[in-house]
Amino acid sequence: MSSQVAQVRRFNRTVTQRVGALNDHFLSRDRPLATSRLLWEIGTEGGEVVMLRSRLGVDSGQMSRMLRALEAAGLVTVTPSEVDARVRIATLTEKGLTERAILDERSDELAASILDPLDAARRTELVTAMRTVERLIATSLVEVRQVDPETPDAQRCLRAYVAELNRRAPQRGFDPRKGATAEPHEVRPPNGAFVVVYLRGEAIGCGAVKHHPGDVTDIKRMWLAESARGLGLGRRLLEHLERLAREHGSTEAHIETSDVLPEAIALYRSAGYVEVPPFNDEPFADRWFSKSLRATKAG
């Protein structure tokens with residue numbers, strides 16, 4: 001164990017030095033890495049301050065100082081949410097969007113400078129190793145926790161879920177109150193369950209099961225933050241929801257989804273779901289999937 005700990009520490013030192021994490025002018029801009037990272041995490045759609053704080057693992061004081069610095073530079077505005085005035089939303093200004101684009105370009109250049117000295121085989125080896133490290137670290141930090149669907153973390157995830165669907169298909173207008181609903185009472189025991197995915201203590205995803213008579217369970221409201229995708233967490237969340245369905249006694253899982261979510265469609269197909277005729281009246285759905293849970297039914 002001690003040799004493994006020593007290796008992890010060497011790895012940490014090498015990475016922080018190589019990417020310039022200790023430099024007060026990260027990527028040759030006028031701010032350190034932490035503040036640049038906040039600028040990037042706010043993203044093009046903005047973000048709730050409490051979620052940004054959790055995502056970066058900083059306390060409220062540090063978050064306030066970083067936001068003030070970005071506001072003073074004209075890069076960010078912080079305003080109350082239109083949905084809940086108690087929630088503060090950080091949004092990039094036009095200048096902030098430009099600065100974020102510069103950070104993306106400089107980050108690409110830094111990544112290329114790491115890869116350029118290596119031949120093709122070693123580049124592949126390094127990138128594969130990085131992907132493995134990222135996935136394993138994320139796995140060690142992830143918790144899937146069953147919660148009440150009206151808790152603040154659950155509601156934040158649901159708002160982000162609805163916002164993404166409407167961003168991807170603004171002309172269609174997803175309304176969670178219509179069609180195949182997943183209202184709080186429908187995804188509470190014994191009718192169902194709601195889970196939140198936590199990464200480093202931050203709520204970065206959600207999902208629910210809604211049980212029906214006849215041993216059928218709908219899998220609902222599956223969502224992961226963009227920053228958490230590509231780490232295998234979607235499959236882990238799906239498997240967790242299937243396990244909840246089996247524990248309830250269901251022998252079949254149903255999922256409906258939209259063509260604007262090709263990643264979700266690919267996940268469902270790879271997990272053994274088959275496309276079937278529509279089984280509900282969800283107006284936002286384009287495809288309906290079913291999977292038998294009998295082969296691995298618990299007990």
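The table below gives the values:
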| quantity | calculated |
| --- | --- |
| Selection within segment 203-220 - surrounded by fewer than 22 Cβ atoms within 10 Å (Cβ to Cβ) and in a strand (DSSP E or B) | His211, His212, Val216 |
| Criterion (of a type in the set (Ser, Thr, Tyr) and touching a helix residue (DSSP H, G or I) at 6+ places or on another chain (Cβ under 6 Å)) met by exactly one of Thr79, Thr14, Thr91, Thr35 | Thr35 |
| Entirely in segment 94-173, the helices (runs of 4 or more DSSP H) that have 3 or more residues that are under 23 Å from Ala228 (Cβ atoms), modelled with pLDDT under 95 and open to solvent by 90 Å² or more (accessible area, probe 1.4 Å) | 120-141 |
| Qualifying helices (runs of 4 or more DSSP H) (wholly inside segment 1-93; at least 1 residues being touching a strand residue (DSSP E or B) at 6+ places or on another chain (Cβ under 8 Å), under 20 Å from Ala203 (Cα atoms) and in contact (Cβ under 8 Å) with a residue 12 or more places away in the chain) | 33-42, 49-56 |
| Enumeration of residues in segment 147-169 that are without any contact (Cβ under 8 Å) to a residue 40 or more places away in the chain and closer than 19 Å to Glu263 by Cβ | Val162, Asn166 |
| All positions within segment 227-262 that are free of Cβ contacts under 8 Å to residues at least 40 places away in the same chain and either under 24 Å from Ser140 (Cα atoms) or in a loop (DSSP other than H, G, I, E, B) (or both) | Arg229, Gly230, Gly234, Arg235, Leu238, Glu239, Gly249, Asp259 |
| Hits in segment 263-292 - residues which are assigned to a helix (DSSP H, G or I) and crowded, with 16+ Cβ neighbours inside 10 Å | Ala264, Ile265, Leu267, Tyr268 |
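The values are calculated or read from the model by the stated rules, or taken from the named source; none is laboratory data. Everything quoted here is computed from the prediction, not taken from an experiment. Cβ: placed from backbone, ideal geometry, glycine included. Neighbour counts: every protein chain shown. Just the protein is used for accessible areas: all its heavy atoms, side chains included, with ligands, DNA and RNA removed. Shrake-Rupley method; radii C 1.70, N 1.55, O 1.52, S 1.80 Å.
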